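Inspection log for the structure reproduced underneath, given as structure tokens.
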DNA sequence: GTGAAAGCGCTAACAC
DNA sequence: GTGTTAGCGCTTTCAC
């Protein structure tokens, strides 16, 4: 086991007590500028690195924040993490990554095995099929602040950071209507998810505003994967009355739809318009380019982390809800001409 | 500060000593099955969670492994992390993520500020412009095992896990030749990177084997981004003698090339063939689909983590080098007909 | 302004 | 097989 230099070494070297060294290392407390400078100099010279375990043990806090989310292999989550990491690094926090693979069991498992003493707070985006979120309530009750982002658990009283799903969906569908599409279908996300529900509401609201028919068979619920998008599009095409546009709950599904339409030789845009939600860079790479409501993933990551850090300081934090607007990127997939 | 239940509580409750509890919790040591069962039952009842800081402090080891890499917002790294996380979770390790944003300064900074006592080992993929890797040597000397993956530092004596860059490039270029392309350019990665060098070697070897000319102006070095791919393609097109195929060091650059070719109205495949390296899923979404040497990113992640965990156990580990083969995915971007 | 000493939760000799 | 005790590195009263 390697031996690292400790404050004891510094104290011995300087012939002062460890407590003075400890005090000098942190800005706080009364330490003469003289001794502090000496301590800092010696620390640098000896390449002193604080032992986080000891600090954590003594202060009852690590400098870690946990991130619990379905996966990192997509644009949204990986970008959000980048934002989180940036803020964390600035404030001297480390981020510990927990991947649920979008499985509720795994999510629960991680949460149970998670030693609460190893993180000061938790940033979470729930798995899509999570039935109950009581386990998060427990964690919060035990005194560990939790901030939800993107996929939030509605029935939990804690801070949440989200994109504006309702207005984003509304604006996207309205764009479709402005382009002249009239029979607009919605390929929605998992039923229980708040995010899906909000986007669905936005879809309905836009149709209503423009007095377009709401047809039950034009609204499909399934997972967030590209494959499910492909299947949903197949079902839509098989309908007696085909829609002339598809608004998908996210870009992956939108791309799945495009793939199916292409397979059937349907001209995307002129024949059937397609719009997504996310702002995945792939939307600009695919042909035709995909119209999509771009989410501020990076900013959401930053904000969530800032909020969590704010909560970690205080004993009784008051939950906040932050909603960030998206930006519509207009591609060729919604051009009729 | 919340109070968590400790082994002391369990001991008091059961009227036994803390050491017995401690011993019972770990399989090791002689503890009567009877007491162990009692302890385990009580621990479960009290919702006991071990304090990692205390364990770490006492044993001189955390249960954390650090991952230091340029970014997570791309297919390769995010997939590798998923593999790493899977193995880590199985073995009860937590992963701490450090993002360098591909900046050598930031890499160095993180490494310096990294309290070595907060990780038992380090998994790293270096930033592309890293001049020197002496800092890693230091970390290793201090007793922290390091395993490099993908972007490895050549002059460091430690374990490395990579895809087979040489043979992968060789096979890809040979595929181009088999398709009838003769004037094959190579849009390479950053100069100093081992990975780029290996792929370049593979490219040369394939040309040599088939007695094709090696032309200096057909080999371009730049970063790994899509934009740089676009620029490189522009330069290639401006040449007096245009190549009839481009082998790019990675998919991002290949896609950048495709974008430029499209802009110039050049038929990708028939006029100029394009092949990449990575196996990014986008390669199947873009039109035409991109021929690419798919890397086993997930497997590389798993293997790296397994190797690191193996090293963490031992005091003096002997470095190993593991090379994993890729799989050529043939798309339409290399079809001449 | 600085030092002595107790203690955070756990492990590991060392006794018995 | 189990208890006692010292100590991991740091923070934090409490003295002086």
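What follows is calculated from the coordinates using simple rules that are stated; it is not laboratory data. Everything quoted here is computed from the prediction, not taken from an experiment. Ideal geometry is used to build each Cβ from the backbone, glycine not excepted, and the neighbour counts take in all protein chains shown.
Things to note:
- Computed on the Cα atoms alone, the convex hull of the stretch B:56-106 gives a volume of 72 cubic angstrom per residue.
- The stretch A:253-337 - convex hull of the alpha-carbon atoms, volume per residue in Å³: 93
- Using C-alpha pairs under 8 Å with a sequence gap of at least 6, the mean separation divided by the residue count of the stretch A:7-48 gives a relative contact order of 37 percent.
- Most simply put, chain A has about 10% antiparallel DSSP beta bridges, counting only bridges with both residues inside it.
- Measuring r between the beta carbons of residue B:310 and residue A:5 and using R0 = 30 Å, the FRET efficiency lands at 0.60.
- Compactness of the protein assembly as shown - radius of gyration and Dmax, Cα, Å: 27.7, 88
- In the protein assembly as shown, the DSSP-assigned H stretches of four residues or longer account for a calculated mean residue ellipticity at 222 nm of -13500 deg cm²/dmol, using -39500 (n - 2.57) per stretch and the full residue count as denominator.
- Average beta carbon contacts from partner chains per residue of B:8-20, 10 Å cutoff: 0
- GNM on chain B, alpha-carbon springs under 10 angstrom: the most fluctuating residue among B:212, B:220, B:307 is B:212.
- Cα coordinate range in the stretch A:184-337, projected on the principal axes (Å, largest first): 59, 32, 28
- Averaged over the residues of peptide A:66-78, the number of Cβ atoms from other protein chains lying within 10 Å of each residue's Cβ is 4.
- Along principal axes, Cα extents of the stretch B:39-198, largest first, whole Å: 73, 34, 25
- Segments A:52-58, A:21-27, A:41-47 sorted - mean Cβ within 10 Å per residue, highest first: A:52-58, A:21-27, A:41-47
- Convex hull of the stretch A:7-48 built on C-alpha atoms - directionally averaged projected area, nm²: 2.4
- Cα-only radius of gyration and Dmax that characterise the stretch B:149-244, units Å: 14.2, 46
- Across the stretch A:131-182, C-alpha contacts under 8 Å between residues 6 or more apart give a mean separation that, scaled by the residue count, equals a relative contact order of 25 percent.
- The mean number of partner chain beta-carbon atoms within 10 angstrom of a residue's beta-carbon across peptide B:99-112 is 1.
- Ranked B:154, A:292, criterion: other C-beta atoms within 10 Å, fewest first: B:154, A:292
- Inter-probe distance in nm under a simple model that places probes 7 Å from Cα toward Cβ, at residue A:329 and residue B:211: 4.9
- Inter-centroid distance (Cα atoms) of the stretch A:311-332 relative to the stretch B:59-113, Å: 26
- Taking other Cβ atoms within 10 Å as a rough exposure proxy, B:79, B:323 sort from fewest to most as B:323, B:79.
- Counting every other Cβ atom within 10 Å of each residue's Cβ, A:253, A:284 order from fewest to most as A:284, A:253.
- Kirkwood hydrodynamic radius (C-alpha pairs) into Stokes-Einstein, chain B, 37 °C and 0.692 mPa s, D in µm²/s: 147
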